[in-house]
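Nothing in this text is a laboratory measurement; each read-out follows from the coordinates by a stated rule. These figures come from a predicted structure and were not determined experimentally. Cβ sites come from the backbone with ideal geometry, for glycine too, and all protein chains shown count toward neighbours.
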């Protein structure tokens, strides 16, 4: 049986970013010969305009080439460099040359799930006709303008078979929690999982996560932080390694 490795999850993350970017209207992406990806959704969130470096040993020349391309194509939109572990001196120099001097470490968590989990009746998968509702909930969870979210999670994106978006609702049908998976084959990347502040502590995010883990993939990954690693460990996730994101 093939054992999933840090490399396989890292490349799956790159593929997930490429898949999402390819769905966003007006986006741009290109992959260099050795596998480094530049993906521009033109969001104002740097993490959604990344150079993704999936190799354990980064190709600095590729990063330098794509950084120059990002500087030309992104315009005023902030972009980032996302890589495994700590960047070496050469990569820091390349990033600093383009003003990417802030380094943030992110736990990269992975899990393999055998069999579907029970999905609570209060959670349902949505499609593109509800993209504004999804954007409103995600924006409320993370304190962002709804139009920022809907610019990425458009109707076209939510209608794609590669995207599984879920909402959790109260018994009165009020949407209170959300989450999304981007699926590439047997892998799925989870993101934007959370509950509106007034409804936290009631299990809504747990129910959304269980639904996401039943979205058709087998191997799952996500970027967490110190506050959320414990939550995801309850579902079988473990920190495989840390990634660094370099931003302005």
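Things to note:
- Within the chain, antiparallel bridges make up roughly 85 percent of the DSSP beta bridges whose residues both belong there.
- As a rough footprinting exposure proxy, the listed residues 243, 79 were ranked by other beta carbons within 10 Å of their own, and the order from fewest upward is 243, 79.
- Computed from Cα positions, the angle between helix 131-142 and the longest principal axis of the chain comes to roughly 80 degrees.
- By other beta-carbon atoms within 10 Å, ranking 184, 112 with the fewest at the front produces 112, 184.
- Of 156, 174, 93, the one that fluctuates the most in a GNM where the chain has Cα springs shorter than 10 Å: 174
- Selected from 173, 35, 185 as most flexible by GNM, with the chain as the system and alpha-carbon contacts under 10 Å: 173
- Relative contact order [Cα under 8 Å, 6+ residues apart], segment 115-217, whole percent: 31
- Relative contact order (%) - the chain, alpha-carbon pairs under 8 angstrom, separation at least six: 25
- Gain on full stretching of the segment that runs from residue 96 to residue 174 - 0.36 nm per residue minus C-alpha separation: 23.5 nm
- With Cα atoms, 0 to 90° folded angle of helix 60-73 axis to the chain main axis: 70
- Overall form of segment 115-217: oblate. Here a/c, set by the Cα gyration tensor axes a ≥ b ≥ c, is 1.5 or more, and a/b is not larger than b/c.
- Distance from segment 34-74 to segment 137-216 (C-alpha centre basis), Å: 26
- Taking a ≥ b ≥ c as the square roots of the eigenvalues of the Cα gyration tensor, an a/c ratio of 1.5 or more together with a/b larger than b/c marks the chain as prolate.
- Each label point was placed 7 Å from the Cα along the Cα-to-Cβ direction; for residue 71 and residue 162 their separation is 2.9 nm.
- Cα-based shape type of segment 1-144, given that a ≥ b ≥ c are square roots of the gyration tensor eigenvalues and the cut on a/c is 1.5: oblate
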